[in-house]
Amino acid sequence: MKIGIIGTGNMGQALGRLWVAKNHLIMFGSRDPVNVLKLANSLGPNVSGGTYADAAQFGEVVVLAVPWSSAKESIEAAGDLGGKILIDCTNAVAPHLGGLLVGHTTSAAEEIATWVEGAKVVKAFHTIGSENLNKLEFGTQKASTFICGDDLEAKSMVKQLAIDLGFDAIDVGPLKNARLTEPLAMLWIELAYNQGMGTDIAFKLLTRRKSK
Ligand SMILES: NC(=O)c1ccc[n+]([C@@H]2O[C@H](COP(=O)([O-])OP(=O)(O)OC[C@H]3O[C@@H](n4cnc5c(N)ncnc54)[C@H](OP(=O)(O)O)[C@@H]3O)[C@@H](O)[C@H]2O)c1
């Protein structure tokens, strides 16, 4: 699959490095034209680099991996996302990890969906720290990721990308359920950084039903 990644920080790089190892084609989009080419060149022929707009144009799937505070301007810089699957992994965290800036009656994902005409927004990968993405097995269990979105085909493609990473990928319904999963991400942050558990933690949905 052709995946454009907007932002070359912890999440963007971790996702891109792991997906290219699964034979996906990656274009990193960055505000820094020099470093993004260095990054791409270091990862082999299936990785390229460009601007946010280049990455958005390249990807069938585009990942928004920037701080919430720059999400809107990054989306604007990405240009036309019509018809694209846009994975939102952002967390709208207040300064000093002081809670969520968006919630209850909306979510970061739903806000983003209002900024991207014609894109199919899917929320995923936000309830775990990036340092776990290359080690999603905890003993015999795989960490869960909670995927929501309004377009079934888009969700199913993102689910496959999550499985490629090694997640136990769970479809938790429409995009408005990001109102429920974004606080779960805040709980992860709270436990990891404020309650002393550290980042080597993940959520797992237990079930007695066979997964679909
Ligand atoms: N880190 C995690 O463990 C984790 C886990 C789950 C979700 N998230 C969420 O994923 C998103 C990205 O997190 P991250 O940890 O990858 O962030 P990060 O390491 O700070 O990187 C964010 C990237 O966004 C781009 N960016 C655009 N505007 C920016 C600005 N004004 N200031 C700084 N960077 C800017 C930069 O890429 P370019 O310089 O290439 O443009 C930067 O490398 C955030 O919304 C975060 O809440 C993070």
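Values in this text are rule-based calculations from the coordinates and carry no lab data. Keep in mind that what you see is a predicted model, and the values were worked out from it rather than measured. Positions of Cβ are backbone-derived with ideal geometry, glycine not excepted, and every protein chain shown enters the neighbour counts.
Eigenvalues of the alpha-carbon gyration tensor of the chain, scaled by 5 and square-rooted, set the equivalent ellipsoid semi-axes at 24, 19, 18 angstrom, largest first. Across segment 107-182, the fraction of Cα-Cα pairs farther apart than 15 Å, rounded to a whole number, is 53%. Between Lys2 and Glu137, residue separation times 0.36 nm minus the direct Cα-Cα distance comes to 46.0 nm. The label point for Glu117 and the one for Arg17, both projected 7 Å from the Cα toward the Cβ, are 3.9 nm apart.
List the chymotrypsin sites (Phe, Trp or Tyr not before Pro) in segment 75-141 that DSSP assigns to loop (not H, G, I, E or B) and whose Cβ has at most 16 other Cβ atoms within 10 Å. Which are they?
Values: sites: Trp115, Phe125, Phe138; in loops: Phe125.
Of the chymotrypsin sites (Phe, Trp or Tyr not before Pro), not one in the loops of segment 75-141 has a Cβ with at most 16 other Cβ atoms within 10 Å.
With respect to the chain, whose longest principal axis is taken over its alpha-carbon atoms, helix 178-189 is tilted by about 80°.
Going by alpha carbons, how many degrees (0 to 90, nearest 10) lie between the helix axis of 10-20 and the longest principal axis of the chain? That works out to roughly 70 degrees.
Across the chain, the mean sequence separation of Cα contacts (distance under 8 Å, 6 or more residues apart), normalised by length, yields a relative contact order of 17 percent. A simple count of charges around Asp88, restricted to other residues whose Cβ falls under 14 Å of its Cβ and scoring Lys, Arg +1 and Asp, Glu -1, yields +2. Given the options Ala124, Ala65, Ala78, state which has the largest fluctuation in a GNM of the chain using a 10 Å cut-off (strictly under) for Cα springs. Taking springs between Cα atoms under 10 Å, the residue moving most is Ala78. Taking the C-alpha atoms only, the angle from helix 152-165 to the longest principal axis of the chain is near 90 degrees. Partners of Lys159 within straight-line reach, counting lysines whose Cα lies under 18 Å from its Cα and excluding those fewer than 8 residues away in the same chain: Lys2, Lys22, Lys84, Lys120, Lys123, Lys135, Lys142, Lys176, Lys204, Lys210, Lys212.
One Cα centroid belongs to segment 149-201, the other to segment 1-73; the line between them spans 20 Å.
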